[in-house]
Amino acid sequence: MSTAMKLGYTAGYWGAGPPAGVPEAIAAAEDLGFDSVWTAEAYGSDALTPLAWWGAQTSRIRLGTSICQLSARTPAATAMAAITLDHLSGGRFILGLGASGPQVAEGWYGDDYHKPLARTREYVEIIRRILARDAPVDFQGEHYKLPNPSGTGYGKPLKSITHPLRADLPIYVAAEGPKNVALAAEIADGWIPMFYAPRVDGFYRDALAEGFARPGARRAADNFEIACLVPLIIADDVESAADAYRPVLALYIGGMGAREVNFHNNVFARMGYEGEAKLIQDLYLDGKKAEATAAVPTRLVEDVALVGPKEKLRDDLDAWRDSAVTTMLVSGDTAQLRTVAELVFG
C-alpha cells in the first residue's frame, strides 16, 4: 500500500561558487510543506556554514546535512557543530554523516580510509556520548581515542560545556553497500541512500532488516527515516529528460573513484547493470566522456530518477511511495518545487 511521502529540498554542494536562488527555493519549500532542507560537502564548500546561514531565514523546516564527511572533522568537532546548530534552530537539526570515499578522505583530508564501517561506528558512538553528557568522554577505540594516549599526557576526559538541546538529536548515515546499510539501520536514526532504485526495494529492505535485528539496534523499520535523493526532470518525452541526467550518472559510475574502487559503480552492478557499468567506466576513464554518457541506458536512468512528462511522473511516484523511502530529496528552482509538491501532495 502506498504511504504518505515527505519531501526535502537539497541544495547540494557548491560548484565554482554559491548557487543562485537557494534562499528563495528554501523559502518556497517551507511554504509548500516540505519537511526538510539539506546541504552537502565534497572538497570545496562545507555543509554546515550554508545550512546555518540559509536556515536562519526559516522557522519550521528541519535542517539536515547530506552529508558531513567523517574525515572533515573529529567526532567532537562534529558534535559541537551539531549541538550549536540544534540550539540555534530550536531543535530542527539532523546530522547526516558519511565516510565518502578514499579519493576524498585521503586525497583531500589526508586521512586514512581503511575500515570505513568500523570508523563510522566509533564516530557515531563518540557523538552520542557527547550528546548524552552523562560523563566525561573517555573512548579508546581502534580509530579514535579520547583522550589521546600518545600526546603530552596532560589530556583528560571532558564533558561538553554546552548542554545539548536534545540528547537524542537524530543522526542519519549515508550508505550504499549492504553492509553499510545494515550498519546504518543498527546505529542510526535514518539512512541517506544514493542511487536508490524502487525496482530492487527488497534488496534494501533485507539489508535494513539485518541491521534492525542486531542486539542493541537503535530503531525499527516503523520509526526509521530514509531520506533519498531523487532526481526529477520534467520534459515532453522520456529520452530528452534522461539525456539531462545521463552525464551525472556517467560521472559517478565511470569517474567518481578509481577503476578498482568505485562504490557508485558497484551499486549499479548490484542492480543488474554490471556489463553496462563496466563499459561506462572503461569509456570514462579512457577520456571518452561523451561516449560514456551515451552508454547510460534509459532504463537505468528511470530506475533511480523520475524523468519524463508530468503524467508519467505521477504514475512512477507510486513505486517510490511503496518503497522503503520515507523522504524524497529533490532540487530545483521555486517553480520546480511547486510542481513537485503538486505531484507528491496532490
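Loop exposure criterion: trypsin sites (Lys or Arg not before Pro), DSSP state outside H, G, I, E and B, at most 16 other Cβ atoms within 10 Å. Applied to the chain, the longest stretch between such sites is 167-258. Of the residues Ser331, Ala277, Val296, the one whose Cα sits farthest towards the positive end of the charge dipole of the stretch 260-346 is Ser331 (charges of +1 on Lys and Arg Cβ, -1 on Asp and Glu Cβ, taken about the Cα centre). Projecting the Cα atoms of Leu95, Ala56, Ala79 onto the charge dipole of the chain (Cβ charges, centred on the Cα centre) puts Ala79 farthest toward the positive pole. In a DSSP loop and with at most 10 other Cβ atoms within 10 Å, the chymotrypsin sites (Phe, Trp or Tyr not before Pro) in the stretch 46-154 are Tyr154. Once the 1.4 Å probe is applied to the protein heavy atoms, the stretch 191-346 comes out at 45 Å² accessible per residue.
Between the stretch 114-191 and the stretch 21-82, the C-alpha centres lie 20 angstrom from each other.
How large is the charge dipole for the stretch 39-143, taken about the Cα centre, if only the Cβ atoms of Lys, Arg (+1) and Asp, Glu (-1) carry charge, to the nearest 20 debye?
Rounded to the nearest 20 debye, it is 460 debye.
The share of accessible area on the chain that comes from carbon and sulfur is 55 percent, using a 1.4 angstrom probe. Rounded to whole numbers, the Karplus 3J(HN,Hα) couplings from phi for the stretch 327-341 are 9, 8, 9, 10, 10, x, 7, 4, 5, 5, 5, 5, 5, 4, 4 Hz, using 6.51 cos²θ - 1.76 cosθ + 1.60 with θ = phi - 60°, and x at Gly and Pro. Annotation: the antiparallel percentage among DSSP beta bridges lying fully within the chain is about 10. Loop-located chymotrypsin sites (Phe, Trp or Tyr not before Pro) in the stretch 257-298 (DSSP state not H, G, I, E or B) with no more than 15 neighbouring Cβ atoms inside 10 Å do not occur. Largest GNM mean-square fluctuation among Thr58, Thr120, Thr152, using the chain with Cα springs under 10 Å: Thr152. Placing a label point 7 Å from the Cα of Arg199 along the Cα-to-Cβ direction, the residues of the stretch 247-264 whose backbone N falls under 19 Å of that point are 247-254, 264.
The values are calculated or read from the model by the stated rules, or taken from the named source; none is laboratory data. As the structure is a prediction and not an experimental result, all values here were calculated from the model. Note: ideal-geometry Cβ built from the backbone for every residue, glycine included; neighbour counts use all protein chains shown. Please note that ligands, DNA and RNA were not included when accessible areas were found on the heavy atoms of the full protein model with its side chains. Shrake-Rupley method; radii C 1.70, N 1.55, O 1.52, S 1.80 Å.
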